[in-house]
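A.B. asks: Right, I'll just put the structure down here and ask away after.
The values are calculated or read from the model by the stated rules, or taken from the named source; none is laboratory data. Keep in mind that what you see is a predicted model, and the values were worked out from it rather than measured. All Cβ positions, even for glycine, are placed from backbone atoms using ideal geometry, and neighbour counts span all protein chains on display. Note: accessible area is taken over every heavy atom of the protein model, side chains too, but ligands, DNA and RNA are not part of it. Shrake-Rupley method; radii C 1.70, N 1.55, O 1.52, S 1.80 Å.
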Amino acid sequence: MQSRSLRGEQIDQLYQEHLCRDFPPDERKPLGQIHRAVDRGIYRVVGFYREDALCGYALLSVLPGRRFGFLDYFAVVPQMRGGGIGGQLLADLRRQMADLQGIFFEVEQPQSAPDPQQATRRIRFYQRGGCRYTGVYTRLFGVNYYILYLPCAGDADDETLLVEVEASYRAMVDPALYDQKVAIWRQAPPVDGRWY
């Protein structure tokens, strides 16, 4: 498996052929916004290939001067799903981002998700891949999320991650919408340790 940083027309192709199929319209950033973020040096688009066949992809925000990435999109192409390749791609992403302390990302809270079982499966997949629950919660444009963390060069405490999540959201969300559409807070896990 090889990972490649994608630019220009490669991003266009990935977006049109894969991301538009894999993510619903209300979860997709406009293509122009992705290009502007790549041009500003705050966004990375990575394709994972076996020979020349795309197996999966990841898009993440990495703010200048910071040691954390915010994973925006991660997917395995449909014909490759179900064979354990997702775990391999997550491990490859971790290696590819070894210059970062770690990567954090949102997973929809199962109790409020349209498909609670799918949301729970997604969380378990990430846990098997080495991700951990952070105790950081967000509500973004009406959707409730847990923030998970994948260490690359090392772990980080939840207070640091709370600051990093806020910095990433402020960089990516229109300032006019931020106070209306974004909420971030920290909360201890339930006593029984089950958070989904």
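A.B. asks: Picking from D174, D157, which residue would you name as being of a type outside the set (K, R), within 26 Å of A91 (Cβ to Cβ) and without any contact (Cβ under 8 Å) to a residue 12 or more places away in the chain? Walk me through how you get there before you give the answer.
C.D. replies: Values: D174 fails: within 26 Å of A91 (Cβ to Cβ).
Only one candidate passes the filter, namely D157.
A.B. asks: Picking from R66, R44, R40, which residue would you name as being of a type outside the set (A, V, I, L, M, F, W, C) and either open to solvent by less than 80 Å² (accessible area, probe 1.4 Å) or farther than 30 Å from D157 by Cβ (or both)?
C.D. replies: Working: R66 fails: either open to solvent by less than 80 Å² (accessible area, probe 1.4 Å) or farther than 30 Å from D157 by Cβ (or both); R40 fails: either open to solvent by less than 80 Å² (accessible area, probe 1.4 Å) or farther than 30 Å from D157 by Cβ (or both).
Testing whether each residue is of a type outside the set (A, V, I, L, M, F, W, C) and either open to solvent by less than 80 Å² (accessible area, probe 1.4 Å) or farther than 30 Å from D157 by Cβ (or both) leaves just R44.
A.B. asks: Let me ask another. Mind listing just one residue for me: the one in region 132-145 that is touching a residue at least 24 places away in the same chain (Cβ under 8 Å) and over 19 Å from R28 (Cα atoms) and, of those, farthest from the chain's Cα centre (by Cα)?
C.D. replies: Only one residue tops the list, namely G135.
A.B. asks: Kindly list the number of the only condition in (1) without any contact (Cβ under 8 Å) to a residue 40 or more places away in the chain; (2) among the hydrophobic types (A, V, I, L, M, F, W, C); (3) open to solvent by less than 20 Å² (accessible area, probe 1.4 Å) that fails for L150.
C.D. replies: (1)
A.B. asks: For region 92-131, name all the residues that are over 24 Å from A156 (Cα atoms), open to solvent by less than 20 Å² (accessible area, probe 1.4 Å) and touching a residue at least 24 places away in the same chain (Cβ under 8 Å).
C.D. replies: Across region 92-131, the qualifying residues are P110, A119.
A.B. asks: When you scan region 104-195 for helices (runs of 4 or more DSSP H) that lie fully inside it, which ones turn up with 2 or more residues that are closer than 30 Å to G84 by Cβ?
C.D. replies: 116-128, 158-172
A.B. asks: Which of (1) among the hydrophobic types (A, V, I, L, M, F, W, C); (2) open to solvent by less than 30 Å² (accessible area, probe 1.4 Å); (3) farther than 21 Å from Q111 by Cβ is the odd one out, the single condition V163 does not satisfy?
C.D. replies: (2)
A.B. asks: Another one. Out of region 45-58, which residues are under 30 Å from E166 (Cα atoms) and either hydroxyl-bearing (S, T, Y) or touching a residue at least 40 places away in the same chain (Cβ under 8 Å) (or both)?
C.D. replies: Just the residues of region 45-58 that are under 30 Å from E166 (Cα atoms), to begin with: 45-48, 56-58.
Selection gives V45, V46, G47, F48, Y57.
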